[in-house]
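Below is one structure, written out as structure tokens; comments come after it.
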Amino acid sequence: MSVEVTPRTADVTPDRAPRTPEGTPVARPDDPPRETPITPASADVTREFDAGAPRYDLLVGLNPGYHQHLRAAAAALADRVPAPRRLLDLGCGSGASTKALLSVFGDGVEIRGVDASAGMLAQARGKTWPPGVSFTQGRAGALDDLLAEPVDGMLAAYLFRNVPEADRDAALADAWAALRPGGALVVVEYSVAGDARAGRIWRAICEAVILPLATVTGGNHGLYRYLERSVLDFDTVPRFAARLGGAGFVDVESRTVTGWQRGILHVIRATRPLDEPAPTRNGSRRNRRGRR
Ligand SMILES: C[S@@+](CC[C@H](N)C(=O)[O-])C[C@H]1O[C@@H](n2cnc3c(N)ncnc32)[C@H](O)[C@@H]1O
């Protein structure tokens, strides 16, 4: 992928994050696709993905560059961890990002896909995978019980925007703890906050392309309304990079892609240092049993 490299990011830009009311009704997994309110709560997000799961692959297949960007992100991970034994695909969804990892690293690597949505996991499990690939239901921020061993590398594609802001730092701290020292995390995410041009393009694409396509293909409109809003509300790239630094990651770098998603879609890399325990809020050192 030809990409632009943006400077390493250290400054913090405050979130503007307007919030919709919580506690409004949302789709249950067995509901037919319908317009649903947008809420930021994690369980509600999972229900939206459950409801949208059967049509998810169809819709991302209509997004030019979706799979190519995932493969490029997997290649960015391979730059940092060229010979991994174990990888984690956090927020693996229907397996598109898992497939990208497989295409770059080959089937000699153990790849675990973790996702909160049973519906998305059912889509992933319905595909054909080599023996080293497995899928587990779980939540970012609660990986402790899922992983017996630390992983060498982790991909989180289009995940962190879906983790409520209040839980995001804890989820990153958990990702740090799930990596072996020296292991790397690659995040693929839409972020337009702080970039007026990117925000305008994103809104226009949602109104002119994404929402009409969701309608035509019978997708869950609520999920795609939520997609629009969640991108507008997500951290700026510097803010997210600062979160990574706060969780103990080093060598944080970001780049955007070329084409219409320039300035909208970002690939962010970070490494767990070889010899530094992560800082914690109370100043003590966090340690994951068997991880160091
Ligand atoms: C936009 S999809 C991306 C799926 C896949 N990574 C891809 O690239 O196609 C986001 C996925 O993150 C999952 N997700 C959202 N919040 C999560 C959380 N807190 N923990 C684990 N998975 C979560 C959703 O269920 C959904 O499958």
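As a test, work out the antiparallel percent of DSSP beta bridges whose residues both lie in the range 43-271, rounded to the nearest 5.
40
Report the FRET efficiency, 1/(1 + (r/R0)^6), for E276 and D145, where r is their Cβ-Cβ distance and R0 is 22 Å, rounded to 0.05. The partial results should precede the final answer.
Details: r = 25 Å, r/R0 = 1.13.
The computed FRET efficiency comes out at 0.30.
Stretch R203-V216 to full length: gain in nm at 0.36 nm per residue minus the Cα-Cα span?
2.8 nm
Every read-out reported here was derived from the displayed coordinates using simple, explicitly stated rules and does not represent laboratory data. Computed from a predicted model, the values in this text were never measured in an experiment. In this analysis, Cβ positions are derived from the backbone assuming ideal geometry, glycine residues included, and neighbour counts consider all displayed protein chains.
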